[in-house]
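Here you go, one structure.
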Amino acid sequence: MRVLVTGGAGYIGSHTLLELMAQGHEVCVYDSYVNANPKVLDRVRSLSNGKLGDVTGDVRDAAGLDAVFSDFEPEAVIHFAGLKAVGESEERPLAYYDVNVGGTLTLLHAMDRAGCRKIIFSSSATVYGEPVYLPYDEAHPTAPLSVYGRTKLMAEQILADWSKQAGDRAAVLLRYFNPVGAHHSGEIGEDPSDIPNNLVPYIAQVAIGKRPALQVFGTDYDTPDGTGLRDYIHVVDLARAHVAALGYAAGNAGCQPFNIGTGQSVSVRQMVAAFERACGAPIPTRTAPRRAGDIAAMQADPSRAKAAFGWRAEHSLDEMMASTWRWQSQNPDGYGNG
Ligand code: UFG
């Protein structure tokens, strides 16, 4: 298929480009580079057959979208473009509604004008909020705890209503758990522009000597070792979920949510130990108070995605950490040096 990938130069987007191209799809990236480095596309080209289109543009720019729909004529869109920092979303709520909700609306209008009826949406398990039960299945109530989470849920609701119109419109909502890891080559990975908010990029920067110690946010949770539990998923598995979902969208109509996780949960302390195995050195840690807005535990029931389009996570925790370390040690300054 011809697939337009908004936000395709970002962390998850860039890994998805490689998996799409490996499966023979024709791909064009549409990215504003607000939170991505254009150098990533050179790396993607050198790791693949190189046939990758790219257009610089913002998802809120209707004319820019019309131009790429007219030139590339995509049969489907994978929509990653958006702002993603939970803390920042509380400080700049309107920016988050503008890009994440407004951007999705503008994109859907452009798809309708161009007659494109299939979309895969980059959503988040954060739409569920405080667990009523675990593991979360897709029927779990949605009650996001942050502005960021609400923008994802609103975009999901817009996509659901859009898909109900006449025709074979399909929207596949992928609710990601915690993506970590990097491409096995070590050539592409997560490149935070500032102090990392997330656990694994932070640990990786401690390992490389950029930061003195990891702060462990909360050691008094009701979990086996007192630290938070999350369902970490290898970014390459996550990327493959998009390719599988594309096949599902092509043959189906309507809107469906799918959890994309492993079904396992791992504590902060276990993550540190796994990273130490990967890099062969101790990671200094300090205990710190709980981070505002964090919940004790999250875990996916990913069985629906398996039943619908045959996807399941295949990479182990050690592979997540080994690939992160390869990326971080080969690229101490991310794409900055590239
Ligand atoms: N943690 C630390 N120290 C750090 C960073 C994180 O102890 O420096 C802990 C957190 O308290 C939590 C775990 O590591 O227990 C994971 O934290 P992350 O920040 O890596 O991930 P979150 O689960 O908080 O958030 C992620 C994404 C969000 C998304 C959410 C939904 O970053 O975008 O998952 O599941 F909304």
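The values are calculated or read from the model by the stated rules, or taken from the named source; none is laboratory data. Computed from a prediction, not measured in an experiment: that's the story for all the values here. Reconstructed Cβ throughout: ideal geometry from the backbone, glycine too, with neighbour counts over all protein chains shown. Please note that ligands, DNA and RNA were not included when accessible areas were found on the heavy atoms of the full protein model with its side chains. Shrake-Rupley method; radii C 1.70, N 1.55, O 1.52, S 1.80 Å.
Could you check what % of the DSSP bridge pairs in the chain are antiparallel, to the nearest 5? Could you put the intermediate results ahead of the total?
Details: 2 of 42 bridges.
Of those bridges, close to 5 percent are antiparallel.
Could you tell me which of rounded, prolate or oblate describes the stretch 19-73, using a ≥ b ≥ c as the square roots of the eigenvalues of the alpha-carbon gyration tensor, with rounded for a/c under 1.5 and, failing that, prolate when a/b is larger than b/c and oblate otherwise? Each step should come with its number before you reach the end.
Working: a/c = 2.82, a/b = 1.39, b/c = 2.03.
Oblate shape, in that a/c is at least 1.5 and b/c is the bigger or equal ratio.
Tell me the angle of helix 268-279 to the major Cα principal axis of the chain, expressed in degrees between 0 and 90 and rounded to the nearest ten.
90 degrees
Which of the peptides 279-286, 221-228 is most tightly packed, and how do the rest follow, going by the mean number of other Cβ atoms within 10 Å of each residue? Let's see the in-between values first.
Numbers: 279-286: 13.1, 221-228: 16.2.
Packing proxy ranking, top to bottom: 221-228, 279-286.
Still on this structure, I have one more. Take each of the peptides 124-134, 261-271, average the number of other beta-carbon atoms within 10 Å over its residues, and list them starting from the highest. List each step's numbers first, then the result.
On the way: 124-134: 18.3, 261-271: 20.8.
So the order, starting with the most tightly packed, is 261-271, 124-134.
Can you give the three extents of the C-alpha atoms in the stretch 32-172 along their principal axes, from longest to shortest, in whole Å?
So the extents along the principal axes, rounded to whole Å, are 46, 39, 30.
Next question, about the same structure. Starting from 0.36 nm per residue, how many nanometres of slack lie between GLN23 and GLU130 once their C-alpha separation is accounted for? Don't skip to the answer; put the middle values down first.
Details: separation 107, 0.36 × 107 = 38.52 nm, distance 3.74 nm.
Contour length minus the Cα-Cα distance gives 34.8 nm.
Let's see if you can work this out: charge +1 on each Lys and Arg Cβ, -1 on each Asp and Glu Cβ, no other charges. What is the dipole magnitude of the chain about its Cα centre, in debye to the nearest 20? List each step's numbers first, then the result.
Numbers: 29 positive and 38 negative charges, 52 e Å.
The dipole of the chain has a size of about 260 debye.
Something else: First select every other residue whose beta carbon is under 14 angstrom from the beta carbon of TRP162; then total the charges, Lys and Arg +1, Asp and Glu -1. Please list the in-between numbers first.
Details: positive: ARG113, ARG117, LYS118, LYS164, ARG169; negative: ASP112, GLU156, ASP161, ASP168.
Net charge in that neighbourhood comes out at +1.
Please work out whether the chain counts as rounded, prolate or oblate from its C-alpha gyration tensor, where a ≥ b ≥ c are the square roots of the eigenvalues and a/c under 1.5 means rounded, while otherwise a/b larger than b/c means prolate and anything else oblate? Walk me through the numbers before you get to the answer.
Values: a/c = 1.69, a/b = 1.34, b/c = 1.26.
The shape class here is prolate.
Compute the long axis of helix 147-163 from its Cα atoms, compare it with the longest principal axis of the Cα atoms of the chain, and write down the angle in degrees, 0 to 90, nearest 10.
On a 0 to 90 degree scale, this one is about 30.
In cubic angstrom, how much convex hull volume per residue do the alpha carbon atoms of the stretch 208-338 span?
Cα convex hull per residue, to the nearest whole number: 149 Å³.
In the chain, what percent of the accessible surface is made up of carbon and sulfur (1.4 Å probe, ligands and nucleic acids excluded)?
Values: 6810 of 14010 Å².
In the chain, the share of accessible area belonging to carbon and sulfur is 49 percent.
Moving on. In whole Å, largest first, what are the principal axis extents of the Cα atoms in the stretch 85-154?
For the stretch 85-154, the Cα spread along each principal axis is 42, 30, 14 Å.
In square angstrom, what is the accessible area per residue of the chain with a 1.4 angstrom probe?
Working: 14010 Å² over 338 residues.
Solvent-accessible surface per residue comes out at 41 Å².
On to the next question. In nm, to one decimal, how far is the modelled label at ALA292 from the one at GLN330, with both set 7 Å along Cα→Cβ?
4.0 nm
Before rounding to the nearest 500, sum -39500 (n - 2.57) across all DSSP H runs of length at least 4 in the chain and divide by the residue total; then give [θ] at 222 nm in deg cm²/dmol. Don't skip to the end; give the middle numbers.
Details: 12 runs with 128 residues, N = 338.
It comes out at -11500 deg cm²/dmol, rounded to the nearest 500.
Between helix 235-250 and the chain, what is the angle of the helix's C-alpha long axis to the longest principal axis, kept within 0 to 90° and rounded to the nearest 10?
In the chain, helix 235-250 runs at an angle near 20 degrees to the longest axis.
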